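This report refers to the structure that appears directly beneath it.
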Amino acid sequence: MKTALLGYGVVGSGTHALLDLRPEHGITAERVLVRRDIASVRAIATRDFSEILSDPSIETVVEVMGGEEPAFSYVKAALLAKKNVVTANKLMLSLHYAELISLARENGVHLAFSAAVGGGIPWLMNLLRVARVDTVESLGGIMNGTTNFILTAMQQGGADFAETLAEAQRLGYAEADPTADIDGLDVRAKLALSSDAAFSRMADASAIPTLGIRHITAADVALFKQLGLTCRLIGKAERTEAGVAAYVEPMLFSANAPEAGVNGTGNIISYRCAGLGAQSFFGLGAGQKPTASAVVQDLIDISRGATAFDLARCEGAFTPDASLAAHAYYLRANSLLPAAQIETALGETPAGPACITKPMPVSTMHAFVRERLAAGENVFAAGLTE
Ligand code: HSE
């Protein structure tokens with residue numbers, strides 16, 4: 001099967017290397033769309049996507065450029081030209097999912113995106129398979145390697161957030177613009193994609209309340225350590241009788257929870273099903289080789305005529321409702337909640353007093369934090385797991 005790579009960054013070059021390493025699958029990268037001259041692929045490079053689109057020998061396009069545009073336009077054009085598409089682009093997919101799934105179906109081609117959630121962890125394919133025979137009651141976990149690296153380093157080294165983020169950037173984990181990672185938007189897109197695999201309907205990502213880790217301080221982390229707790233950024237969706245609750249927020253785990261033991265750029269994502277019970281998948285959720293591995297697995301499946309994504313039902317969209325989930329929170333803010341909502345005062349930190357709240361709807365705490373942040377206050381909240 002002849003393919004074209006759109007992008008030749010970390011994942012694109014890793015995919016090319018893995019295809020070359022495994023010639024027995026008969027999958028080759030014939031063309032590469034680049035934005036700059038790259039000597040190693042000069043012979044097959046182009047800056048003109050139409051050369052790839054109009055080449056009938058290219059059966060499958062691998063979109064590894066990231067961002068919404070021009071990735072979305074290229075993927076759409078490729079599907080309309082009856083080319084299969086493999087993509088790792090969670091942001092673009094979460095914004096245009098239903099349209100792209102329909103286009104793939106109408107044109108009789110495959111759209112596969114194992115690498116979009118969990119990097120090399122076989123998460124979406126197993127979620128799609130289990131949802132064929134079981135009812136998924138909840139799903140979620142650590143879905144972002146960059147923030148997990150930062151939270152682990154803060155816990156282990158005691159440094160402050162800005163210093164740790166700079167270290168993550170120096171090591172090449174965090175992007176120059178780390179907003180999507182540290183504000184939870186990357187997790188939100190991954191949670192929305194997972195919701196279609198689990199519930200056969202796509203969650204409206206913009207309706208998933210999302211708190212990131214931008215405002216965590218070394219003093220917050222020191223308090224967590226005193227309480228025997230570990231902070232992790234979590235995406236979670238739960239089926240309730242009244243609908244699906246979904247949210248992204250930092251959460252605190254006791255030492256015996258699996259999430260507390262997943263360090264560095266690791267991810268752990270779990271589902272709980274009515275019949276099968278709970279299963280967890282953990283490993284490297286980001287990085288060149290893990291992500292390229294997932295991309296190449298999709299290519300091999302396509303070359304053999306089937307992918308896990310052919311199971312996706314995409315029966316419409318839904319608006320998740322975070323008021324359907326409730327738990328207690330750690331809250332550190334200058335304007336604390338009314339006394340009736342506070343369970344335990346934890347005393348002063350350099351950035352304001354901290355407390356543990358009584359259980360409250362997730363939507364209530366997210367609205368409170370958003371309002372205080374908008375007012376210019378430095379606030380950090382983290383959910384407490386039972
Ligand atoms: N920026 C993402 C992460 C890459 O850190 O997990 C993988 O989706």
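The values are calculated or read from the model by the stated rules, or taken from the named source; none is laboratory data. Remember, it's a predicted structure, so these values are computed and weren't measured experimentally. Heads up, the Cβs are rebuilt from the backbone with ideal geometry, glycines too, and the neighbour counts pull from every protein chain shown. We work out accessible area using only protein heavy atoms, side chains counted, and drop any ligands, DNA or RNA first. Shrake-Rupley method; radii C 1.70, N 1.55, O 1.52, S 1.80 Å.
Numbers at a glance
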| quantity | calculated |
| --- | --- |
| Residue under evaluation A203, criteria (1) surrounded by fewer than 24 Cβ atoms within 10 Å (Cβ to Cβ); (2) closer than 14 Å to A317 by Cβ, criterion not met | (1) |
| Qualifying residue in the stretch 82-101 (condition: without any contact (Cβ under 8 Å) to a residue 40 or more places away in the chain, surrounded by fewer than 17 Cβ atoms within 10 Å (Cβ to Cβ) and more than 12 Å from the ligand (Cβ to nearest atom)) | yes |
| Filter result (touching a residue at least 60 places away in the same chain (Cβ under 8 Å), near the ligand (Cβ under 10 Å from one of its atoms) and assigned to a loop (DSSP other than H, G, I, E, B)) within the stretch 132-186 | M143, N144, Y173 |
| Odd one out for E137 among (1) at pLDDT 95 or above; (2) crowded, with 19+ Cβ neighbours inside 10 Å | (2) |
| Out of A104, A98, sole residue that is at pLDDT 95 or above and of a type outside the set (S, T, Y) | A104 |
| Count of the stretch 229-254 residues which are within 19 Å of the chain's Cα centre (by Cα) and of a type in the set (V, I, T) | 3 |
| Hits in the stretch 324-362 - residues which are part of a strand (DSSP E or B), touching a helix residue (DSSP H, G or I) at 6+ places or on another chain (Cβ under 7 Å) and of a type in the set (A, V, I, L, M, F, W, C) | A326, L346, A354, M360 |
| Residue check, F113 surrounded by 23 or more Cβ atoms within 10 Å (Cβ to Cβ) and aromatic (F, W, Y) | yes |
| Selection count, the stretch 300-330, where residues are farther than 30 Å from E249 by Cβ, buried (at least 23 other Cβ atoms within 10 Å of the Cβ) and over 21 Å from the mean Cα position of the chain (by Cα) | 1 |
| Any hit, the stretch 105-118, residues being near the ligand (Cβ under 10 Å from one of its atoms) and at positive phi | yes |
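Quick grid of which residues meet (1) free of Cβ contacts under 8 Å to residues at least 60 places away in the same chain; (2) open to solvent by 60 Å² or more (accessible area, probe 1.4 Å); (3) outside any strand (DSSP E or B); (4) under 27 Å from Q155 (Cα atoms):
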site: F224; (1), (2), (3), (4): no, no, yes, yes
site: L233; (1), (2), (3), (4): no, no, no, yes
site: Y247; (1), (2), (3), (4): no, no, no, yes
site: N263; (1), (2), (3), (4): no, yes, yes, yes
site: G275; (1), (2), (3), (4): no, yes, yes, no
site: T291; (1), (2), (3), (4): no, no, yes, yes
site: D298; (1), (2), (3), (4): no, no, yes, no
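Residue-by-condition table, conditions (1) hydrophobic (A, V, I, L, M, F, W, C); (2) buried (at least 17 other Cβ atoms within 10 Å of the Cβ):
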residue: S13; (1), (2): no, yes
residue: R35; (1), (2): no, no
residue: R42; (1), (2): no, no
residue: D48; (1), (2): no, no
residue: P56; (1), (2): no, no
residue: E59; (1), (2): no, yes
residue: A78; (1), (2): yes, yes
